[in-house]
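Undergrad: First the structure, then my questions, so here it is.
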Amino acid sequence: MPLPVQAEWQPGYYRFATAPLGALRRQVTGPAGSTDESYHLRVTAAGASLTAVSALGLQRGIATFRQVLERQPRGWRAQYCDIRDWPRFKWRGLLIDAARHFLPVAVIKRNLDGMAAVKLNVLHWHLSDDQGFRVESRLFPRLNQASTDGLFYTRAQVREVLAYAAARGIRVVPEFDMPSHTTSWIVAYPRLASVDSAYAPYTLWRTTNVAIDPTRRSTYAFVDSLLTEMTALFPDPYFHTGGDENDGRQWRRTPRIVAFMRAHKQVKADGVTPDKHLLQLYFSQKVDSLVRRHGKIMIGWDEILGPGLPHDVVVQSWRGAKAMAQTVQQGHPALLSAGYYLDLNYSAATYYTADPHAGVPDSLRTRVLGGEAAMWGEYADSVVYDSRVWPRAAAVAERLWSPAAATQDVPDMYRRLAAVSDELEGLGLRHRRTPAILLRQMAAPYPAALPALQTLAAVVEPVKEYKRNFQGFKYTTETLYNRLVDAAPAESDVARRFGATVDSLMAAQPVLTSLVPTVAPMPLTPVARGQLARLQKQVQQWQQASAALTPLFVVAPNLGEYAPLATQLATVATLCQQRLAQLASGQPVLPAWQTEAKLQLDAAQKPAGQAELAIVKAARRLAGL
Ligand code: ACM
């Protein structure tokens, strides 16, 4: 994925006598330096050939070629095909947050491999935030000590990542977020602070609303020096300076800043109330002029938008379609990330249906550069990062690469996503291995319960959106991500398939809700009988798993927080079993049973350990609720 949709498939296969990549005839037809990513891949009885205008196009074609290859007992084969393919958007990014948790170079590299496989072409490397500043700075070395772990990339490591990305046709855009998200800067250099106070390395996840002081000349001298150093390190023409989530509380609380705002007419209509938007706009314009002096084009989040911001500044929308529309209406190139936040734990289908052109008038569509999937790192350390990105990021990749009309078929997307997930595993991504290892570690005190724990984890998902912040568990930068919630998939395949089978079975059922059916029960079709049998087997497995987990919860006290989910699983399974028995015998669903089922299912939806059962919605549909 994105498996090319502009493909023509012919019956038959070409079998490779040698390594298929070596046997692929490749040709570049255009000038050096071209950024055209189109390619033409053909597999015929004469072999496989790939032509592209640019070397970049060859790389995209090779990514597709890997996807049409099938391993055979001896060697490889590729289906005959004739594929002319090109991207819909030229900017197809993944935001990797290495600021909240430092991510070692190996993690970045294997995620770059994943990006290349799905034709993502921009790594947006979020390198500084409240919790840390992650690039070696020779001018401001204290920045690198202002995190609890003291971890950062050396300049040599940055160059290593840049070279690795370039070799895969991936640009790297660094982000140094300011004026807010800068606690680490202020810890290192207190003179940057808006509010004079004692600052220590920030160990929590919530937004601080700490902001550097935009009224002092020395702040811009600092930013200019930092830009001198960082723009020289990162060769991409674009440079991200953040700009998000500053509520202005520190500015409003500081008399000298308020005086500055009044003197500069940065006030609301009443003429006196300070307007933080106007001060932030002033800041963004000054930072833009510095970025520009260093030969780069500035990118910032939604909040930098305002009158007078030069029109070539790129705005990245994280707050929604309305912000995206405002951006293009005000003349800026735009990137969409709203709808692509992987850390919210939505389904691949949710991301797949978000479109960068949604809400953008036709006449302004050329201003949309593309979009970026974003994986913010509060709840993803280097151990679990891959499994929070993949395979769902591939759904965003396809949305950004393929024609809009070709990205409507969600079931087919899931079919291909499974194949891509296999491919990613083969490339060394750890999105499947790591959760499996975590579960083994959890079951170590009573290994016989491992299969049951796997069964439970497969139908559990972390709570959605930002709810993990608000369920009574205190997370800090030191928290280990080794609990069941961390091994649980962001989207449960088992739950999705269960739901699909339920829907298919229910769609084929006559509606039987009255106490005394007026029609004789219809016999089930063979297909429905098969589905019913599959569901029965599934719910039985859940019941057994729930029972088998009891001794593990006794001997592994840390796992005890998840005992409620195991109990809820048994409850849901029992209800499903009752309903399936009714369906098998053609009995109507009784209102009294439904009332009780509803109560139980409501209770079964309750999260435990910041995780929740992903099968409850499907169970409701099965129960006719
Ligand atoms: C953001 O999510 N605050 C850009």
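The values are calculated or read from the model by the stated rules, or taken from the named source; none is laboratory data. None of the values given here were measured: they were computed from a predicted structure. In this analysis, Cβ positions are derived from the backbone assuming ideal geometry, glycine residues included, and neighbour counts consider all displayed protein chains.
Undergrad: Here are some residues: R388, R367. Which one is farther than 28 Å from V485 by Cα and modelled with pLDDT of 95 or more?
TA: It is R367.
Undergrad: Say whether the condition of being β-branched (V, I, T) and crowded, with 17+ Cβ neighbours inside 10 Å is met by at least one residue in the stretch 65-85.
TA: Scanning the stretch 65-85 turns up at least one residue that is β-branched (V, I, T) and crowded, with 17+ Cβ neighbours inside 10 Å.
Undergrad: Name every residue in the stretch 193-211 that is surrounded by 24 or more Cβ atoms within 10 Å (Cβ to Cβ) and away from the ligand (no atom under 16 Å from the Cβ), in order of residue number.
TA: S194 - this is the single residue of the stretch 193-211 that is surrounded by 24 or more Cβ atoms within 10 Å (Cβ to Cβ) and away from the ligand (no atom under 16 Å from the Cβ).
Undergrad: Just need a number here: residues in the stretch 339-356 that are farther than 29 Å from V459 by Cβ and either out of contact with any Leu (no Cβ under 9 Å at 6 or more places or on another chain) or within 16 Å of the ligand (Cβ to nearest atom) (or both).
TA: 0
Undergrad: Of all residues in the stretch 240-255 being within 16 Å of the ligand (Cβ to nearest atom) and surrounded by 22 or more Cβ atoms within 10 Å (Cβ to Cβ), which is nearest to W91 (Cα to Cα)?
TA: Per the criteria, the residue is H240.
Undergrad: Given the residues Q72, Q157, Q131, Q145, which is the only one that is polar (S, T, N, Q), more than 24 Å from V314 (Cβ to Cβ) and at pLDDT below 95?
TA: The match here is Q72.
Undergrad: Name, by its number, the condition in (1) in a loop (DSSP other than H, G, I, E, B); (2) more than 16 Å from the ligand (Cβ to nearest atom) that does not hold for S225.
TA: (1)
Undergrad: Exactly one condition in (1) in contact (Cβ under 8 Å) with a residue 24 or more places away in the chain; (2) within 24 Å of the chain's Cα centre (by Cα); (3) part of a loop (DSSP other than H, G, I, E, B) is not met by A338; state its number.
TA: (1)
Undergrad: While we're on this one: Within the stretch 168-189, identify whether any single residue is at pLDDT 95 or above, more than 23 Å from the chain's Cα centre (by Cα), more than 16 Å from the ligand (Cβ to nearest atom) and not in a helix (DSSP H, G or I), and answer yes or no.
TA: yes
Undergrad: Okay, next question. Let me confirm something: among L94, L120, which residue is touching a helix residue (DSSP H, G or I) at 6+ places or on another chain (Cβ under 7 Å), at pLDDT 95 or above and not in a strand (DSSP E or B)?
TA: None of the others qualify; the one that does is L120.
Undergrad: Quick one: would you say G371 is assigned to a helix (DSSP H, G or I) and out of contact with any Asp or Glu (no Cβ under 7 Å at 6 or more places or on another chain)?
TA: no
Undergrad: Something else about it: Looking at T182, is it touching a residue at least 12 places away in the same chain (Cβ under 8 Å) and buried (at least 23 other Cβ atoms within 10 Å of the Cβ)?
TA: It is true that T182 is touching a residue at least 12 places away in the same chain (Cβ under 8 Å) and buried (at least 23 other Cβ atoms within 10 Å of the Cβ).
Undergrad: For the stretch 197-212, state whether one or more residues are under 30 Å from Q59 (Cα atoms), at pLDDT 95 or above and not small (G, A, S).
TA: No, every residue in the stretch 197-212 fails to be under 30 Å from Q59 (Cα atoms), at pLDDT 95 or above and not small (G, A, S).
Undergrad: Then there is this: Pull up the stretch 294-323, narrow it to residues that are in a helix (DSSP H, G or I) and touching a residue at least 40 places away in the same chain (Cβ under 8 Å), then point me to the one that is farthest from the ligand (Cβ to nearest atom).
TA: Per the criteria, the residue is I304.
Undergrad: Kindly indicate whether T455 is among the hydroxyl-bearing types (S, T, Y), touching a helix residue (DSSP H, G or I) at 6+ places or on another chain (Cβ under 6 Å) and modelled with pLDDT of 95 or more.
TA: So T455 passes the test.
Undergrad: Mind checking whether some residue in the stretch 392-404 is surrounded by fewer than 20 Cβ atoms within 10 Å (Cβ to Cβ) and either within 16 Å of the ligand (Cβ to nearest atom) or assigned to a helix (DSSP H, G or I) (or both)?
TA: Yes, that holds for at least one residue.
Undergrad: Inspect the stretch 256-269 for any residue being within 16 Å of the ligand (Cβ to nearest atom), of a type outside the set (D, E) and either exposed (fewer than 15 other Cβ atoms within 10 Å of the Cβ) or in a loop (DSSP other than H, G, I, E, B) (or both) and give the result as yes or no.
TA: No, that holds for no residue.
Undergrad: Out of L456, L438, report the one residue that is more than 30 Å from Q582 (Cα to Cα), crowded, with 20+ Cβ neighbours inside 10 Å and in contact (Cβ under 8 Å) with a residue 40 or more places away in the chain.
TA: When all the criteria are applied, what remains is L438.
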